[in-house]
Amino acid sequence: DMEIHAHSHTPRKKWTHYLWEFLMLFLAVFCGFLAEYQLEHKIEKDKEKQFIRSLINDLEADTTRLNEIIITRNTREKRLDSISLFLNNDAASRFTNNLYYYAVFVSRGISIRFVPDDGTMQQLKNSGGLRLIHSRFIADSITRYDVSVRSLVKQGDIEEVSLQEYRTIAHKFFDARIFDAMLDANNTPSPPSGNPGLFSYTTTDLHEFNYKLFTVKAFNRANKRDARRILQQAENLLLALKKEYHLE
């Protein structure tokens, strides 16, 4: 009888025991999973914030550069207009001092070229970092800004072609030795002394010069307009990022 009594208890004890063990094991695994998920979530959030901080630094560098370019392009526009005015004037020989000084800047593209500070942007794109951005709106705004920047860089390349074209006619008007004498050791120009002479050119040369200079002017205006638009885009994105990530 005692044997039966002992036997009848054993299976019940084992069954609950196994269930309890299973529950404990399940809880341990589940808690471990939760902890890991939380940790991963925290790491991703930290990574996201790190990317955004770097992106803000890059965008601030971009806005500084775009502002400089817009100012330089405004000055450039006035100089290009003056070259047209002086060269197409009957008394062009009286203005050659200004003509040489303004003309030395025409084919200089470096001061007006936009090279974005895009280290973080490249990283976000190449490492799949954009998926870390929790806000769809922010991710889309970052992508849109990147597309605009690529477009402005491409336009800079096309503008460079128009400057090359301009160089093919400028030598018929201007004496390179005068330009050379105007530059200091850092390549910074000063106006020439007196009114140095221009080469004798034909009416056909002048028509060609006007057309090529017009193309340079048109590019300057278009790229200045687009630089303004992208500057506005960069400033809006900066505001959105600082607001979303509380980085005031």
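Here, each number is a calculation from the coordinates, and none is a lab measurement. Predicted, not measured: the structure shown is a model, and the values here were computed from it. As a convention, Cβ positions derive from the backbone with ideal geometry for all residues, glycine included, and neighbour counts pool all protein chains shown.
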Exercise. According to a simple spin-label model (label point 7 Å from Cα along Cα-to-Cβ), what is the distance in nm between GLN232 and ASN126?
Worked result: 3.3
Problem set entry | Equivalent ellipsoid, region 193-234 (semi-axes from 5 times Cα gyration tensor eigenvalues, Å) | 34, 15, 4
Problem set entry | region 31-141 pair-distance distribution - Cα-Cα, 10 Å bins, rounded % | 12, 26, 18, 15, 12, 9, 5, 2, 1
Exercise. Of LYS45/LYS125; LYS78/LYS154; LYS78/LYS217; LYS49/LYS125, which ones are farther than 19 Å apart at the Cα?
Worked result: LYS78/LYS154
Seminar exercise, completed: Among PHE114, PHE22, PHE214, the residue with the largest mean-square fluctuation in a Gaussian network model of the chain built from Cα contacts under 10 Å is PHE22
Problem set entry | All-pairs Cα distance distribution in region 140-191, expressed in whole percent, bin size 5 Å | 4, 15, 13, 12, 16, 12, 9, 8, 6, 3, 1
Exercise. Along each of its three principal axes, how wide is the spread of alpha-carbon positions in region 105-176, in whole angstrom units, largest first?
Worked result: 60, 17, 16
Exercise. Build a GNM of the chain with springs between Cα atoms under 10 Å: which of TYR166, TYR18, TYR37 gets the top mean-square fluctuation?
Worked result: TYR18
Exercise. Residues of region 108-133 with amide nitrogen under 15 Å from the 7 Å Cα-to-Cβ point of VAL161?
Worked result: none
Exercise. How many nm is it between the label spots at LYS172 and ASN88, if each spot is 7 Å from the Cα in line with the beta carbon?
Worked result: 1.6
Problem set entry | Dipole of the chain [Lys/Arg +1, Asp/Glu -1 at C-beta], most positive-end residue of ASN236, LEU99, ILE43 | LEU99
Problem set entry | Rg/Rh (Cα only; Kirkwood hydrodynamic radius) as it applies to the chain | 1.45
